[in-house]
1. Please verify whether the range 63-71 includes one or more residues that are outside any loop (DSSP other than H, G, I, E, B), closer than 29 Å to Val147 by Cβ and free of Cβ contacts under 8 Å to residues at least 60 places away in the same chain.
2. Any chance the range 242-249 includes a residue that's in contact (Cβ under 8 Å) with a residue 24 or more places away in the chain and within 25 Å of Gly190 (Cα to Cα)?
3. Which is modelled with pLDDT of 95 or more, outside any loop (DSSP other than H, G, I, E, B), more than 29 Å from Arg42 (Cβ to Cβ) and of a type outside the set (S, T, N, Q), of Val138, Val142?
4. It is to be established whether one or more residues within the range 292-303 are over 23 Å from Phe181 (Cβ atoms), open to solvent by 40 Å² or more (accessible area, probe 1.4 Å) and either not β-branched (Val, Ile, Thr) or not in a loop (DSSP other than H, G, I, E, B) (or both).
5. Only one of Leu334, Leu307 is surrounded by 20 or more Cβ atoms within 10 Å (Cβ to Cβ) and within 30 Å of Asp233 (Cα to Cα). Can you tell me which?
6. Please determine, by comparing only the residues of the range 214-246 that are aromatic (Phe, Trp, Tyr) and surrounded by fewer than 23 Cβ atoms within 10 Å (Cβ to Cβ), which one is nearest to Val76 (Cα to Cα).
7. Considering the range 139-152 alone, what residues qualify as being farther than 19 Å from Ser166 by Cβ and either among the small types (Gly, Ala, Ser) or buried (at least 21 other Cβ atoms within 10 Å of the Cβ) (or both)?
Amino acid sequence: MGKTNPGRFFEDYAVGDVIRHAVPRTVAEGERALYHALYPTRHALYSSDEFAANCGLEGSPLDDLIAFHVVFGKTVPDVSLNAVANLGYAQGRWLKPVYPGDTLRSESQVIGVKQNSNGKSGVVYVRTRGFNQVNEIVLEYVRWVMVRKRDFDAPAPETVVPDLASVVDPADLVIPEGLSFDDYDFELAGEPHRLGDYEIGEKIDHVDGVTIEEAEHMIATRLWQNTAKVHFDATFREDGKRLIYGGHIISMARALSFNGLANAQMIVALNGGAHANPCFAGDTVKAWSEVLDKVETVAPGVGAIRLRLVATKQGATEFTYKGEDGKYAPEVLLDLDYWALMPV
């Protein structure tokens, strides 16, 4: 019997399967430093212990997307090692801040399968949870991924597509214990804009752009231990290109959104997301946001803003992301719908 892991193929998944992913990882200030080196992120709550303490936290947490990448990366060998592409996300919630010294592990349950019409691949739906060292859930989300079949003649499983809510109810948002924006320092945060300054339907061009380099992408995928072949192996795709990890685009776009949304501090929910088109080294990423909703919370001075974050390539700046046919425009890389916490 071979001792190496070829990864799971589509026919290896069954609804109800629970997968405990190897290997737990203790995260520290090194992850923060590398994250800030890879992405032009400047949100104050993740940069300064003093700023975070002034907001009622024990110190500066690691960026929410660090937790996401670490939890996600653990799932790759079991869920998407033989993936064609990661397709989307839904029902994501950040439940506990992650601090330097925490140890994260991941667990996924298969909640849906659907074979594609070509018979060569299928879509697998999983609900993933990230746990810390005391078994508290710090993060949960659903994602779906297209996975190759090992045997094209293997019979198609019964189709099960989960019924997923289009948005996380504001009542289900979890506010970190002790968080308060009553004494929020707008000057140190970088912008004066609070929740009341944003209007539903408003669109914000984040102005800046970053050209993706092969080296930074490879560092990112190794940092997050994302071993999907499409990201590492240039011979795995017919075009000979390594596909940029979609999470790399999420973090890049979120970092770019600081210019205009500096006070959208903590991501608390992921309503939905799609990697609309592939990204490759040499593409220049820009971003814009649309305000979809806003609510107040029970935490002192804390509101929640719902945003659509759109990442585009090659300098596209128009506030459009889909054509009249309902399909994503070819220059759109990412369509992400999320809730973030902001001072009221």
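The values are calculated or read from the model by the stated rules, or taken from the named source; none is laboratory data. Just so it is clear, the structure is predicted and the values come from calculations on it, not from any experiment. All Cβ positions, even for glycine, are placed from backbone atoms using ideal geometry, and neighbour counts span all protein chains on display. These area figures cover heavy atoms from the full protein model, side chains too; ligands, DNA and RNA do not enter into them. Shrake-Rupley method; radii C 1.70, N 1.55, O 1.52, S 1.80 Å.
1. Yes, there is a match, as at least one residue in the range 63-71 is outside any loop (DSSP other than H, G, I, E, B), closer than 29 Å to Val147 by Cβ and free of Cβ contacts under 8 Å to residues at least 60 places away in the same chain.
2. Scanning the range 242-249 turns up at least one residue that is in contact (Cβ under 8 Å) with a residue 24 or more places away in the chain and within 25 Å of Gly190 (Cα to Cα).
3. Val142
4. Checked against the condition, which is being over 23 Å from Phe181 (Cβ atoms), open to solvent by 40 Å² or more (accessible area, probe 1.4 Å) and either not β-branched (Val, Ile, Thr) or not in a loop (DSSP other than H, G, I, E, B) (or both), the range 292-303 yields no hits at all.
5. Leu334
6. Phe232
7. Within the range 139-152, Leu139, Val145, Val147 qualify.
This table checks each residue for (1) surrounded by fewer than 19 Cβ atoms within 10 Å (Cβ to Cβ); (2) in contact with an Asp or Glu (Cβ under 9 Å, 6 or more places away or on another chain); (3) modelled with pLDDT under 95; (4) under 15 Å from Arg127 (Cβ atoms).
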residue	(1), (2), (3), (4)
Gly7	no, yes, yes, no
Asp12	yes, no, no, no
Ser47	yes, no, no, no
Ala53	yes, no, no, no
Ser60	no, yes, no, no
Ala67	no, yes, no, no
Val76	no, no, yes, no
